[in-house]
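Shown next, in structure tokens, is the structure this report addresses.
The values are calculated or read from the model by the stated rules, or taken from the named source; none is laboratory data. The model shown is predicted, which means the values in this text are computed figures rather than measured ones. Cβ placement follows ideal geometry from the backbone for every residue including glycine, while neighbour counts extend to all protein chains displayed.
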């Protein structure tokens with residue numbers, strides 16, 4: 001994993017350092033989803049094939065966080081398949 005430091009310009013732009021771009025295989029015009037998670041800014045490359053899945057995942061995470069804050073919980077058996085656990089959690 002590459003680590004580097006950058007800064008925000010007066011125009012609100014952030015330069016992703018060369019070594020990070022190369023390591024991630026980023027090209028000019030790459031598009032990103034931008035998240036603010038508790039003051040941590042996260043960038044996720046947009047890939048057409050994964051965009052719908054990413055949006056569904058974000059919605060599921062938000063729903064789970066709401067349920068946790070309401071004190072709701074679900075017990076699962078660890079021998080259950082991933083699909084069965086997902087079905088139980090999303091119901």
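Count of region 55-67 residues, restricted to those that are farther than 24 Å from residue 12 by Cβ and surrounded by 12 or more Cβ atoms within 10 Å (Cβ to Cβ), is 4. Go through region 1-18 residue by residue and tally those that are loosely packed, with under 10 Cβ neighbours inside 10 Å and touching a strand residue (DSSP E or B) at 6+ places or on another chain (Cβ under 8 Å). Within region 1-18, residues that are loosely packed, with under 10 Cβ neighbours inside 10 Å and touching a strand residue (DSSP E or B) at 6+ places or on another chain (Cβ under 8 Å) number 1. Cβ separations smaller than 6 Å between residues 6+ apart or across chains give the following pairs from region 3-27 residues that are over 17 Å from residue 41 (Cβ atoms) to residues that are modelled with pLDDT under 95 and assigned to a loop (DSSP other than H, G, I, E, B): 19/2; 23/2. Look at region 2-26 and say how many of its residues are under 21 Å from the mean Cα position of the chain (by Cα) and at positive phi. Selection size over region 2-26: 1. For region 19-44, a residue qualifies if it is in contact with a helix residue (DSSP H, G or I) (Cβ under 9 Å, 6 or more places away or on another chain) and either in a helix (DSSP H, G or I) or surrounded by fewer than 13 Cβ atoms within 10 Å (Cβ to Cβ) (or both), and the qualifying residues are 27, 35.
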